[in-house]
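Take a look at the following structure, please.
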Amino acid sequence: MNHFGVEKMWIADQGDGTYRNPILYTDYSDPDAIRVGEDYFMVASSFNNAPAVPLLHSRDLVNWKVINYCMEKLPSGRYEKPAHGCGAWAPAIRFHKGIYYVYVPLPDEGIFLCRTKDPFGKWEDPVCVKAYAGWIDPCPFWDEDGKAYMVNAFARSRIGFKNALYLSPLSEDGMTVPGDGEAGCFVYDGYATQPTIEGPKLYKRNGYYYIFAPAGGVKTGWQTVLRSRNIRGPYEEKIVMHQGSSPVNGPHQGAWVDTPYGEDWFLHFQDVGNAGRIVHLQPMRWEDDWPVIGEDEDGDGCGEPVPCYRKPLTGDGETGEPDAPEDSDFFEGDRLGLQWQWNANFKEEWYDLKENCLNLYTQKKEASLPLCDVPSLLLQKWPAPEFAVLSCLHLDGMEDGDVCGMISLGGCYDSIVVCQRDGKRVLQQRTGMISGKEEVTELGNFEGDTIYLRMVVEDSRRISWESGKTEKTMQRTGKKTEAAPGVWVGVKSGFVAVHEGEGKCGRLDADAFMYEKI
């Protein structure tokens, strides 16, 4: 497939010294970020997908690229299969004495730590810092006296309560909670005024300890900041950003980042449903030792999100051309692009890349297992509110029993697949809900070894399909469906390559996964 002139689906940098929000119209949920020198690094949740915990890099806080993953696989055998809504929740990233630390909560297993001296290179295997279900949203902090701490929130679904923040001592190397956390203490109870307080990030400035923490719930909440002269409290509270009259609901949970040029900025997410939790960048300033985030037109110290703004100041020539994370893929390397994740912990033998082609080897599954629960689905996040994605699939490697095609997966799923039985191929549409019954609709016989499939997403919700033996002969295929977000995640799209039955497994080959603006 010719990919001349392929465009990124969403670019925030306007090329004139300004940017528009969101800076990432992609599901990088629960972002946390740091600055090291003039480099910015951001991590995000990834739940049951692997590799886990994406790591993004920027030189200007606006143009970001995925550069790595902090975990190759999730550290538990249960993630050999999809565990929707579980896995890697809101992580935190810090840099201390030449080492990058990323703390990752798995709500059912505990808090894990990944470390490296080179964020672009190999990360150490995750180490369990605290094995306890229900401890979530950890953030480490090293004080000026060398003592280390960790603040965290709680998941009521696992531990029976929420609305509270807890502070534990950490070993100086950040790898253990001494005394299993018994030396810690509850530092804040938000039940009365800050319900569902979570996602805490701990900082220090001008002699105050600050805990930045979202409250009020993902879709309707706000950004709270707590401060105290003592790390153990008591803490004062203030709401520093809310939706106000803006269209940005639930503006909260993120990271305060300063720049080498004396500016302060705040990264946070907005839950927009099917596209997931997209990332915004807000200007930030200090008044009376309280942060004000966004624009505060009425002067009450509580800001609102900005739709666009000037870019952060940077060194000359550092920003480059406006850019965004990779979306289209033409499989020209020897490794999968970093936009791809599997539906569970993966095995290297599931795929290879040869001669600008992705080879997916069909994996056996029970006929009754719905496609949403297949570990070997190869997926990537939706990159914009509206788009189309086109792929050319080669079927000559298929065997009887193989089911191959494209899928959109969220709280419900929709797929167009080719099924081979007794040497003949049938086109099917398979749809369903997570943990529900799959509906299979026969769309007619398919003859030939090549099929073009296009998925079209309109208004972030309506999905329709086209198919044909060539790109020029593609026609409307199957019924139009409505997308729905998954468990804490947006919708992803990608490839299906499975085998039903006891026979020999085959192979699906793909030339490209190419996005188009509509």
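Being touching a residue at least 40 places away in the same chain (Cβ under 8 Å) and among the small types (Gly, Ala, Ser) is the filter here, so list the residues in region 134-168 that pass it.
Listed by number, the residues that qualify are ALA153, ALA155, SER157.
Scan region 419-433 and report the pairs whose first residue is under 25 Å from ARG462 (Cα atoms) and whose second residue is open to solvent by 30 Å² or more (accessible area, probe 1.4 Å) and not in a strand (DSSP E or B), with Cβ atoms within less than 6 Å and a gap of 6+ or a chain change.
ARG430/GLU438; GLY432/GLU438
Same structure again: Please go through region 435-449 and pick out each residue that is assigned to a loop (DSSP other than H, G, I, E, B) and either more than 19 Å from SER493 (Cβ to Cβ) or touching a helix residue (DSSP H, G or I) at 6+ places or on another chain (Cβ under 6 Å) (or both).
Within region 435-449, SER435, GLY436, LYS437, GLU447, GLY448, ASP449 qualify.
Restricting attention to region 1-12, which residues are modelled with pLDDT of 95 or more and either open to solvent by 10 Å² or more (accessible area, probe 1.4 Å) or under 14 Å from the mean Cα position of the chain (by Cα) (or both)? Show your work before the answer.
First pass over region 1-12, keeping only residues modelled with pLDDT of 95 or more: 9-12.
Passing the criteria: MET9, TRP10, ILE11.
Could we say that GLY432 is assigned to a strand (DSSP E or B), open to solvent by less than 40 Å² (accessible area, probe 1.4 Å), at pLDDT 95 or above and more than 29 Å from GLY85 (Cα to Cα) here?
Here the answer is no, as GLY432 does not meet what is asked.
Going through region 159-168 one residue at a time, which ones are touching a strand residue (DSSP E or B) at 6+ places or on another chain (Cβ under 7 Å) and surrounded by 13 or more Cβ atoms within 10 Å (Cβ to Cβ)?
First, pick out the residues of region 159-168 that are touching a strand residue (DSSP E or B) at 6+ places or on another chain (Cβ under 7 Å): 161-168.
If the condition is that a residue be touching a strand residue (DSSP E or B) at 6+ places or on another chain (Cβ under 7 Å) and surrounded by 13 or more Cβ atoms within 10 Å (Cβ to Cβ), then LYS162, ASN163, ALA164, LEU165, TYR166, LEU167, SER168 are the ones that fit.
Also: Restricting to region 487-510, give me the number of residues that are closer than 16 Å to ASN274 by Cα and either open to solvent by 20 Å² or more (accessible area, probe 1.4 Å) or aromatic (Phe, Trp, Tyr) (or both).
Going through region 487-510 one residue at a time, the tally reaches 3.
Next up: Quick one: count up the residues across region 83-140 that are under 23 Å from TYR40 (Cβ atoms), open to solvent by less than 20 Å² (accessible area, probe 1.4 Å) and not in a strand (DSSP E or B).
Final tally of qualifying residues: 4.
Pick out the one residue from VAL240, VAL272 that is within 18 Å of the chain's Cα centre (by Cα) and among the hydrophobic types (A, V, I, L, M, F, W, C).
Going through VAL240, VAL272 in turn, the sole match is VAL272.
I've got another one for you. For region 36-82, which residues satisfy the criterion of being β-branched (Val, Ile, Thr) and surrounded by fewer than 23 Cβ atoms within 10 Å (Cβ to Cβ)?
Residues satisfying the conditions are VAL36, VAL66, ILE67.
Also, I was wondering about something else. Give all pairs with beta carbons closer than 7 Å in which a residue from region 338-367 that is farther than 26 Å from ALA324 by Cα and open to solvent by less than 80 Å² (accessible area, probe 1.4 Å) meets a residue that is at pLDDT 95 or above and basic (Lys, Arg); count only pairs at least 6 apart in sequence or on separate chains.
Short answer, once both residue conditions are applied: ASN345/LYS73; ASN359/ARG507; LEU360/ARG507; TYR361/ARG507; THR362/ARG507.
Between residues in region 221-245 that are in contact (Cβ under 8 Å) with a residue 60 or more places away in the chain and part of a strand (DSSP E or B) and residues that are surrounded by 21 or more Cβ atoms within 10 Å (Cβ to Cβ) and of a type in the set (S, T, N, Q), which pairs lie under 6 Å by C-beta distance while being six or more apart or on different chains?
ILE239/THR224; VAL240/GLN223; MET241/GLN223
A further question follows. Scan region 281-314 for residues that are modelled with pLDDT under 95 and among the polar types (S, T, N, Q) and report the count.
Within region 281-314, residues that are modelled with pLDDT under 95 and among the polar types (S, T, N, Q) number 1.
What tally of residues in region 392-405 results from selecting those that are within 14 Å of PHE513 (Cα to Cα) and either open to solvent by 10 Å² or more (accessible area, probe 1.4 Å) or within 23 Å of the chain's Cα centre (by Cα) (or both)? First the steps, then the outcome.
Of the residues in region 392-405, the ones within 14 Å of PHE513 (Cα to Cα) are 392-394, 405.
Now drop any that are not either open to solvent by 10 Å² or more (accessible area, probe 1.4 Å) or within 23 Å of the chain's Cα centre (by Cα) (or both), which leaves 394.
The number of residues fulfilling the criteria is 1.
If only one of GLY207, GLY217 is open to solvent by less than 60 Å² (accessible area, probe 1.4 Å) and under 21 Å from the mean Cα position of the chain (by Cα), which one is it?
GLY217
Does region 294-309 hold any residues that are in contact (Cβ under 8 Å) with a residue 24 or more places away in the chain, crowded, with 17+ Cβ neighbours inside 10 Å and assigned to a loop (DSSP other than H, G, I, E, B), and which are they?
Those that are in contact (Cβ under 8 Å) with a residue 24 or more places away in the chain, crowded, with 17+ Cβ neighbours inside 10 Å and assigned to a loop (DSSP other than H, G, I, E, B): GLY294, CYS302, PRO305, VAL306.
List the strands (runs of 3 or more DSSP E) that sit entirely inside region 1-67 and contain at least 3 residues that are over 21 Å from TRP382 (Cβ atoms).
In region 1-67, 32-36, 39-43 are the strands (runs of 3 or more DSSP E) which contain 3 or more residues that are over 21 Å from TRP382 (Cβ atoms).
Which of the residues that make up region 368-382 are in a loop (DSSP other than H, G, I, E, B) and either aromatic (Phe, Trp, Tyr) or open to solvent by less than 10 Å² (accessible area, probe 1.4 Å) (or both)?
Matches in region 368-382: VAL374, LEU377, TRP382.
Which residue is most open to solvent (accessible area, probe 1.4 Å), if the candidates are limited to region 259-293 and must be in a loop (DSSP other than H, G, I, E, B) and in contact with an Asp or Glu (Cβ under 7 Å, 6 or more places away or on another chain)?
Only one residue tops the list, namely PRO260.
What are the residues in region 169-204 that are open to solvent by 10 Å² or more (accessible area, probe 1.4 Å), assigned to a loop (DSSP other than H, G, I, E, B) and touching a residue at least 40 places away in the same chain (Cβ under 8 Å), if any?
Answer for region 169-204, where residues must be open to solvent by 10 Å² or more (accessible area, probe 1.4 Å), assigned to a loop (DSSP other than H, G, I, E, B) and touching a residue at least 40 places away in the same chain (Cβ under 8 Å): MET175, THR176, VAL177, THR193, GLU198.
The values are calculated or read from the model by the stated rules, or taken from the named source; none is laboratory data. Values in this document were obtained by computation on a predicted structure and should not be read as measured data. All Cβ positions, glycine included, derive from the backbone under ideal geometry; neighbour counts span all protein chains shown. Side chains included, ligands, DNA and RNA excluded: accessible areas come from the protein's heavy atoms. Shrake-Rupley method; radii C 1.70, N 1.55, O 1.52, S 1.80 Å.
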